[in-house]
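What follows is a single structure, written as structure tokens, with notes after it.
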Amino acid sequence: MVKNLAGWTLLLTFLAGCSVPVAQIPGIPKDHPANKFYEAAQQGMLADKVCRDNKGDPSIPTGKIQKGENYTKTEDLTAGVFHFRDNTTGKEYLGVSFLQYSGFLQIPKVCAWSEKDRG
């Protein structure tokens, strides 16, 4: 019985990780450039250029956001998408996490949009 339960738990955990990602960021207008970037980020690794092409800013260090150094994460919207604040300026941002190619390295990055540009 315990083996059966463990097997089912493992299977259900695996299947939960295989769910279809949301097509659009909840609470963000459909025509916001972050939605187009979010869709591209779900497909694979990107370059900073794709972020900039979608009117985003890839220069904010993701590590500082995660560690709370000068930035505060204020709300998670969906997997990899969140609101955060620059503690120095008080400016609010929408951030989309992505992986960037750099040779053989995969570098975690954030593409950010100022809240005034929210749509």
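Would you mind checking the stretch 82-119 for residues with the amide N under 14 Å from a putative spin-label position 7 Å along Cα→C-beta of T72?
Flagged as within label range: 83-93.
Which of the lysines could a cross-linker bridge to K91, judged by Cα under 24 Å and excluding same-chain residues fewer than eight apart?
The qualifying lysines are K30, K36, K49, K55, K64, K67, K73, K109, K116.
Coordinate-derived values only; no laboratory data. This one's a predicted model, so the numbers in the text were calculated from it and none came from an experiment. Cβ: placed from backbone, ideal geometry, glycine included. Neighbour counts: every protein chain shown.
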